[in-house]
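First up is the structure itself, then whatever we jot down about it.
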There are 2 protein chains.
Amino acid sequence: MTQRESSRPVTVGKYQLGGNTKVYIQSMTNTYTKDVEATVKQIKQLTEAGCEIVRVAVLDMVDAHALGEIKKQISIPLVADIHFDYRLALEAINQGVDKIRLNPGNIPKREHVMEVVEACKAKNIPIRIGVNSGSLPNRMAPTPENMVATAKHHVDILESMGFYDIVLSLKATDMNLMIEAYRLAAKTFPYPLHLGVTEAGTAFSGAIKSAMGIGILLAEGIGNTIRVSLTDNPILEIQAAKEILKNLGLKDKVPNLISCPTCGRIQYDMIDIAKRIEQYLLKVNKTINVAIMGCAVNGPGEATHADIGIAGGKGEAILFRRGKIIKKIKESEVYDVLVEEINNFDDSIQDHEKGA
Amino acid sequence: MTQRESSRPVTVGKYQLGGNTKVYIQSMTNTYTKDVEATVKQIKQLTEAGCEIVRVAVLDMVDAHALGEIKKQISIPLVADIHFDYRLALEAINQGVDKIRLNPGNIPKREHVMEVVEACKAKNIPIRIGVNSGSLPNRMAPTPENMVATAKHHVDILESMGFYDIVLSLKATDMNLMIEAYRLAAKTFPYPLHLGVTEAGTAFSGAIKSAMGIGILLAEGIGNTIRVSLTDNPILEIQAAKEILKNLGLKDKVPNLISCPTCGRIQYDMIDIAKRIEQYLLKVNKTINVAIMGCAVNGPGEATHADIGIAGGKGEAILFRRGKIIKKIKESEVYDVLVEEINNFDDSIQDHEKGA
């Protein structure tokens, strides 16, 4: 059994993290949490994009007091991110959050940790311990062993209080360090793992780094929830996360766009069409392969295996549906015809022609 | 020994593909090859971005005749992409290309394949056999076994003519199929492998799919050259390829940008600074970690481990160099100061503080 399935289940709002094959997508708001309206608005956008769990930073008591009102207005589990101050944790729990992120070893007094643990027990909410390679105690070298040892220090505190509803993350900005730390953690702890490459970078390079780090671990059966960290609009984090899970077969009802690299064979403006269709597909919840191909060499073959596809030529294109040529259409009609085909497509009907 | 190291070496212009630990980055132009000026211009841009091998589509004899002039004006190996027509292959070889991409099984007459093989032998240039899941013969189902069997059919033809300077690709648009096909090919053939996910999609989702598919294989020691296929400007393909190789430790002299996800703690416009610095770093050939951090929680820790870093606050930032705080700077100075620091940084000096 993989770490994903064998991990101890914990409850995060309406979801069970660990002990199953499901991998949840999460993100973090970049609004001021105390600005309830802006925060709720962003959480709703994230939810619509496919975010399943959302985390907010709680910097002070004003942020903490806002959590109840935020929680009331959203439909996905809410996680409070807290550093150092146990009173913020207590207030967040009081406000009804579904999980807190807190490292107990950073709270000086054991009695204060105990208060937080008792409050979590009473509300049945888990604690995520988040170890970050960049902030290990005592200037420890950032190695997988030291990261796991640091996690164990925090875990031991909670376990000594009879608390086991624990989620762990061991993020690093170095992809290889991150992979090794999670592999070691998967062997060491029975708890669900929250995967992420931290400080991954801007949207394009950060998505690549995250896809490799998170993807290699997920493919090995490690990880129960993922967060792609990008220095950009968090909506892109959700788009990246869905893409990662979809490619690994860990998420269905996500459309897949197949489009060829542009080369000297192309005779129409396919980059534009591909981008517009990609944008449209972001809001479509169907398991559907849409192919946008530039030419007659690879086009018809790939488009034939797709659920819906076009292979473009000079001023016109051929429309395919489930392996059959439907009709020729003009270049100017391509976008509208594809959108209509996508809307009409019923992904509950499986077709024997459907391949890779 | 991995497939990468044990594969039979072949010569591609100034490079040796296979039989070593090097992984070459390649791309394909999207200009009309017969438009020499536009094609050369794009190849120069690709070369400057880090492209090491470039492929051009040869659709007709006018394209083929242009190859010699293109070759004269560029500094990296040139590959001619040819389908079906052996005369285009002969002319491309005559024009001095460094490699051809051609599937011999698609050329009806054995004597014509023989002519191409003899011409390649005379010039010491290899042939890449490119199998694509979407265009297997006889409507074969797209499985790893059928893809490898199709490759073997082409390989057998060349081997029967005493030709072994072969490179293979087994691309699929389905990431899992692509991974399994290459794994099986690595066990089956002694030849260098050209990795790629075909028809991967637009820049963002295509880069994610490619990073996972190519990255998982490279991490297993499979692959000698990679091509990231994106429906966008091919420069982005190079940027993605460099990012993939860098994260796996397969390429040095590539800067690494560490920047945190934006969250409710941020008090300055770090997305803008991160994006501008990322653009600047594209042209920098140094092994350097640059950190752009938003706040005091993770910022100083991560920035400390970077070669150069800033941790921002309200209207000002702290500049770090190799683990030491250098000075406080104004927010308005951050970009210029970072650029100056990057320019002055000497990556030949290693620092014991440098970590992940």
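With heavy atoms of protein chains only and a 1.4 Å probe, what residues of region B:206-229 have at least 20 Å² less accessible area in the full set of chains than alone? Buried on complex formation: B:ALA207, B:ILE208, B:LYS209, B:ALA211, B:MET212, B:ILE216, B:ARG227. Between A:SER348 and A:LYS123, what is the label-to-label distance in nm when each label sits 7 Å out along the Cα-to-Cβ direction? With each label point 7 Å from Cα toward Cβ, the separation is 3.9 nm. For the pair region B:182-231 and region A:106-183, the centres of their Cα atoms are 36 angstrom apart. The portion of the accessible surface of the protein assembly as shown made up by carbon and sulfur, rounded to a whole percent, is 50 (1.4 Å probe; DNA, RNA and ligands excluded). How high is the relative contact order of chain A, given as a whole-number percent (alpha carbon pairs under 8 Å, six or more residues apart)? For chain A, the relative contact order is 13 percent.
Residues of region A:1-44 that lose at least 10 Å² of accessible area (1.4 Å probe, protein heavy atoms only) when the other protein chains are present, relative to their chain alone, are A:MET28, A:THR29, A:ASN30, A:THR31, A:TYR32.
Summed over both chains, the accessible area lost when B and A associate is about 6300 Å², using a 1.4 Å probe.
Computed with a 1.4 Å probe on the full set of protein chains, the accessible area for A:PHE84 sits at about 120 Å². The modelled label-to-label distance for the pair B:GLU37/A:GLN16, using points 7 Å beyond Cα in the direction of Cβ, is 6.8 nm.
Excluding same-chain neighbours fewer than eight residues apart, the lysines reachable from A:LYS187 by a Cα-Cα span under 16 Å are A:LYS152.
When region B:3-247 is described by a simple charge dipole with +1 on each Lys and Arg Cβ and -1 on each Asp and Glu Cβ, the residue from B:ASN20, B:ALA200, B:CYS120 located farthest towards its positive end is B:ASN20. With charges set only on the Cβ (+1 for Lys and Arg, -1 for Asp and Glu), what does the dipole of the protein assembly as shown come to about its Cα centre, in debye to the nearest 20? So the magnitude is around 740 debye.
Projecting label points 7 angstrom from Cα along Cα→Cβ for A:THR2 and A:ARG87 puts them 4.4 nm apart. Solvent exposure of A:LYS251, expressed as accessible area, is near 50 Å², computed with a probe of 1.4 Å over the protein chains only. Number of Lys-Lys pairs in region A:1-91 with C-alpha atoms under 24 Å apart and a separation of 8 or more places or on different chains: 14. The charge dipole of region B:1-113, taken about the Cα centre with unit charges on the Cβ atoms of Lys, Arg (+1) and Asp, Glu (-1), comes to about 340 debye, rounded to the nearest 20. Between the amide H of A:ASN256 and those of A:ILE288, A:ASN289, A:VAL290, distances stay under 5 Å, these residues lying 5 or more places away or on another chain, with hydrogens modeled in the peptide plane. Mean residue ellipticity, 222 nm, helices only, the protein assembly as shown: the sum of -39500 (n - 2.57) across DSSP H runs of n ≥ 4, divided by residue count and rounded to 500, is -13000 deg cm²/dmol.
If R0 equals 51 Å, the separation of the Cβ atoms of B:ASN106 and A:LYS44 corresponds to a calculated FRET efficiency of about 0.45.
Please calculate how many Å² of accessible area chain B carries per residue, with a 1.4 Å probe and no DNA, RNA or ligand atoms counted. Dividing the accessible area of chain B by its residue count gives 37 Å². In the context of the full protein assembly, A:LEU136 retains an accessible surface of approximately 20 Å², using a probe radius of 1.4 Å and ignoring ligands and nucleic acids.
Taken about its Cα centre, region B:3-247 carries a charge dipole of roughly 400 debye when the Cβ of each Lys and Arg holds +1 and the Cβ of each Asp and Glu holds -1.
On the basis of the beta-carbon distance and an R0 of 45 Å, A:MET61 and A:ILE325 show a calculated FRET efficiency of 0.10.
Only aspartates and glutamates eight or more places from B:LYS246 in sequence, or on another chain, were considered; those with a Cα closer than 18 Å are A:ASP174, A:GLU180, A:GLU199, B:GLU48, B:GLU52, B:GLU220, B:GLU237, B:GLU278, B:ASP307, B:ASP347. Using a 1.4 angstrom probe on protein heavy atoms only, which residues from region B:240-258 are buried by at least 40 Å² of accessible area when all chains are present rather than their own chain alone? For region B:240-258, once contacts with the other chains are taken into account, B:GLU243, B:ASN247 lose 40 Å² or more.
If r is the Cβ-Cβ distance from A:ASN138 to A:LYS72 and R0 is 51 Å, what FRET efficiency results, to the nearest 0.05? Efficiency for this residue pair is about 0.75. In the protein assembly as shown, the ratio of gyration radius to Kirkwood radius, Rg to Rh, stands at 0.99 when only Cα atoms are counted.
The values are calculated or read from the model by the stated rules, or taken from the named source; none is laboratory data. Please read these numbers as outputs of a predicted model, since none were measured by experiment. FYI the Cβ positions are ideal-geometry reconstructions off the backbone, even for glycines, and counts take in every protein chain you see. Heavy atoms of the whole protein, side chains included, go into the accessibility calculation; ligands, DNA and RNA do not. Shrake-Rupley method; radii C 1.70, N 1.55, O 1.52, S 1.80 Å.
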